[in-house]
1. If each residue's Cβ is checked for other Cβ atoms within 10 Å, how do B:56, B:375 rank with the fewest at the top?
2. Output the Kirkwood hydrodynamic radius of chain B, Cα pairs only, in Å rounded to one decimal.
3. Binning every alpha carbon pair distance of segment B:357-432 at 5 Å from zero, what are the percents per bin?
4. Look at the axis of the rotation that sends chain A onto chain B, then give the chain A residue with the nearest Cβ and the distance in whole Å.
5. Percent relative contact order of segment A:227-370, based on C-alpha pairs within less than 8 angstrom and at least six residues apart?
6. Can you give me the distance in nm between label points at residue A:74 and residue B:266, each placed 7 Å from the Cα along the Cα-to-Cβ direction?
7. Based solely on C-alpha atoms, express the radius of gyration and the Dmax of segment A:23-169 in angstrom.
8. Thinking of segment A:227-370 as a set of Cα atoms, what percent of all their pairs are more than 26 Å apart?
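All of the numbers you see were taken from the coordinates with simple rules; none came from a lab. The shown structure was predicted, so the numbers you read here are calculated from the model rather than taken from an experiment. Glycine gets a Cβ as well: all are built from the backbone with ideal geometry, and neighbour counts include every protein chain shown.
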């Protein structure tokens, strides 16, 4: 955990990854249990380290929300330990046979799940993310290079050390986890596209955007979360208001909160007054389009930039749209491909919406806030991806896996097949 | 097909992609049949166009291999038409239910396959690649922006026009296919990371590398193919020589040809003389490490740079390795993660090799030349990917697909679950 040379650490992580990939599920689960033990053994030292970070952060006059995320107390510890326990109980994800084909007699092709290799995890503030992601990497057989926020230095250091210790008690290969501490190491990390296979950033939009813009390593995650709730002409008004208000207000500082409500023009008169008063009652500042302001002139005006703004706050924009088509166009144009919902009783309208909105999560008659790995029942979450390649939407363990093809023969050569001497059988083999 | 504005074309492709995504499989298959008809109707015009390209290429003194790839004659036409017929017969890939979970009563989550959106296809020389990739895009419901090599201008233009015509006869959305013709358009294309979801390059290493280095759009493909055949201590000598020679010589100009043969030190005396004479008989120039040159001093010396050279020619490097571990380390260090084979009768050695070599394709006792979508029985091939994210190895139709989550409720809000008023059931639903 104390490596002076970043490339040396990456080299060790790569070497460890080869061994991590072939561990039995039993051994990985024992290592996870052992990590729980070490965390429990060191809990007072962990809380002490966190108090040091909090004190230094307060002294430096850090913002209250960041300070809140920095806290790692008994409740947080219990939470991450519960998460590790969930991981132990999940099926072994590595070595799963996905496809098997006989290419010819004695020449069999297998597609088998395997770890990606070396994961670079970069996160702001929350020390619980360190525990969560590194144990996900362990379960999936990956090595992990960790870089947390400077403000959580002491907490991250002891947590990473507990995880490394716990794993080493069960003889996991040394070097599979490495905790980076200096700012320069991050930029070095972003440039190591030969050493690191995948970056998983966790933090603010600007933070994730910075990482995406400054690295050629594939990034799994999302920058913006501009989510919409569209109230269709066939919507039940009560459902519409309740779901839209939950989408905005249930927790405002998150990527799946509704940022814009679209209302079918025919519904504006019925919905808008009730909706606005419900939102305002919940403390939300409402910005609206000209059509809505004709009905309620007191509303603040929403400008073009509002349609592409992620407020992450008690602010919302509302726009009247001509019809379903315009709603879909608006979402595909201004949205971020994260989560968008329609409120409708007309099933054709719902189908039109879910088939044509180009987002990872498309919802009917429920709150945008549901798009989350835990709510989806995935158990453990790597993050939410708005990319369309690899994993999309809430991503569980499978986002840290790839596969390889194994072809087992007994001396076959291609020349025999191109010459016509032999022919492929391409017989699908049973994989159950 | 004649759009003056690249961004306008991309915008149309994006709009068309929304409609392409919801087409019934029947309609897409009729469009594919109709493309076959139009290609047949225009075959003499296609051959004329190709002759113009060939004539111009010859006059400009273009290299013979490029000239050969440029040919689009009856044999090539029959080949691409056969490929389209295979596509028609494949199962409909869009709208497949991959996962279904009841989150709570009346709140059901579905994961459904869907097209990626807009594919940018950039290829050198081979006009048949244009037909192959654009029909793969059609079958998978994607829009495609095509950019072929300047030398195939006339052929590409008429082929793209036939495909667009064929599809439009079956009312596919206009703008789903667009053929770019100017060099500037390529660089514009590489910068359009908001408009294009995925780039599929087909061409030389330098060409693919240029595209990977000059775009933030995800690229599916491979630059280098540095493949190894390792002859283990337990190898059957006859198998070893036959498979290694096929791996190198069956077709040298391709990514899955063997570029380096590793020989277990204990096998050098038995294998090397026979192997070298078999290779030399096939016209291969052999470069070797000092240990091998002790035995056969006439062999040319292989330098450090040879271990990372993709010859794509009748040249090979041979190295003696201490043992299985050193072979795996060599491959993971110098290889390109494409295809690597072990020749061995010892099953533990084969397992060690296939589990630890970090390549898309790991083979036992067969030629590296087998790594290919057609040989794997995938029917149609998008390309071979050495990336670990999304699709890896030979990539069929599924490489052009992603998925989305649809959550269908009846008014559920998240506040009810965080307050404890309601609880998730997370019941897996049957998807068969």
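1. Values: B:56 15, B:375 22.
Ascending Cβ contact count within 10 Å gives the list B:56, B:375.
2. On the way: mean 1/r = 0.0416 Å⁻¹.
Result for chain B stands at 24.0 Å.
3. Per 5 Å bin, starting at 0, the Cα pair percentages come out as 3, 11, 14, 14, 10, 8, 8, 8, 8, 8, 4, 2, 0.
4. Spelled out as residue then distance in Å, it is A:390, 2.
5. On the way: 286 pairs, mean separation 50.2, N = 144.
Contact order relative to length: 35 percent.
6. 6.1
7. Expressed in Å, the Cα Rg and Dmax of segment A:23-169 come to 18.8, 72.
8. 10
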